[in-house]
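The values are calculated or read from the model by the stated rules, or taken from the named source; none is laboratory data. A quick note: this is a predicted structure, and the numbers were derived from the prediction, not measured. Cβ sites come from the backbone with ideal geometry, for glycine too, and all protein chains shown count toward neighbours.
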Amino acid sequence: MIERVRAVLVTEHDTMLVIRRTKPGVPVYWVLPGGGVEAEDESREAALHREIHEEIAGKADIVRLLHTMESDDERQLFYLTRIATWSFDDRSGPEFSAQGRGEYALEEVPLTMEGIDSVDLKPEEITHVLRGALGDGSLSDAAPA
């Protein structure tokens, strides 16, 4: 089974970092930073730190596992994290140089119902999870100290 890790990256400004994906012939959509767990990763959390470093040259503190999605052949783990610094210009992931992958743009989205509803975040299930967590206050443990 393929495992992927994704980060809900909460900033000190109560925003969430998302990547806007633009591909020829496909409507624009947004994803959370992350990617596949590789054999050399010591753990899922190590894979998440590696992916955050590759995709946004950032370092995040993992708060907790927020949600797991599973299908017959894939498991995606979504972690709630806090992040203070990042540099999209210094990203190093292999996907950024691959031909035909389209464009990647890092954006900050307000961590509010309106903010979440303003983007077409994929997979759709995580949008529902985030809306529910905002509604019940369970994202508050990612707020800056």
Mind listing whichever residues of the stretch 1-58 are within 19 Å of residue 91 (Cβ to Cβ), surrounded by fewer than 16 Cβ atoms within 10 Å (Cβ to Cβ) and modelled with pLDDT under 95?
-> 22, 23
Residues of the stretch 63-95 classified as without any contact (Cβ under 8 Å) to a residue 60 or more places away in the chain and touching a Leu at 6+ places or on another chain (Cβ under 7 Å), total | 3
Please work out if residue 95 is more than 13 Å from the chain's Cα centre (by Cα), part of a helix (DSSP H, G or I) and modelled with pLDDT of 95 or more.
-> no
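Can we say residue 3 is acidic (Asp, Glu), in a strand (DSSP E or B) and touching a residue at least 40 places away in the same chain (Cβ under 8 Å)? Explain how you work it out, then say what you get.
Values: acidic (Asp, Glu): yes; in a strand (DSSP E or B): yes; touching a residue at least 40 places away in the same chain (Cβ under 8 Å): yes.
Considered against the rule, which asks whether it is acidic (Asp, Glu), in a strand (DSSP E or B) and touching a residue at least 40 places away in the same chain (Cβ under 8 Å), residue 3 comes out as yes.
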When you look at residue 75, is it closer than 23 Å to residue 115 by Cβ and either among the β-branched types (Val, Ile, Thr) or out of contact with any helix residue (DSSP H, G or I) (no Cβ under 8 Å at 6 or more places or on another chain) (or both), yes or no?
-> no
With respect to residue 88, is the statement that it is under 28 Å from residue 25 (Cα atoms), surrounded by 15 or more Cβ atoms within 10 Å (Cβ to Cβ) and either of a type outside the set (Lys, Arg) or modelled with pLDDT of 95 or more (or both) true?
-> yes
Determine whether residue 105 is farther than 18 Å from residue 31 by Cα, at pLDDT below 95 and small (Gly, Ala, Ser).
-> no
Give me a count of the residues in the stretch 125-145 that are in a loop (DSSP other than H, G, I, E, B) and more than 15 Å from the chain's Cα centre (by Cα).
-> 5
State all residues of the stretch 33-78 that are under 15 Å from residue 19 (Cβ atoms) and part of a loop (DSSP other than H, G, I, E, B); if no residue qualifies, say none.
-> 33, 57, 58
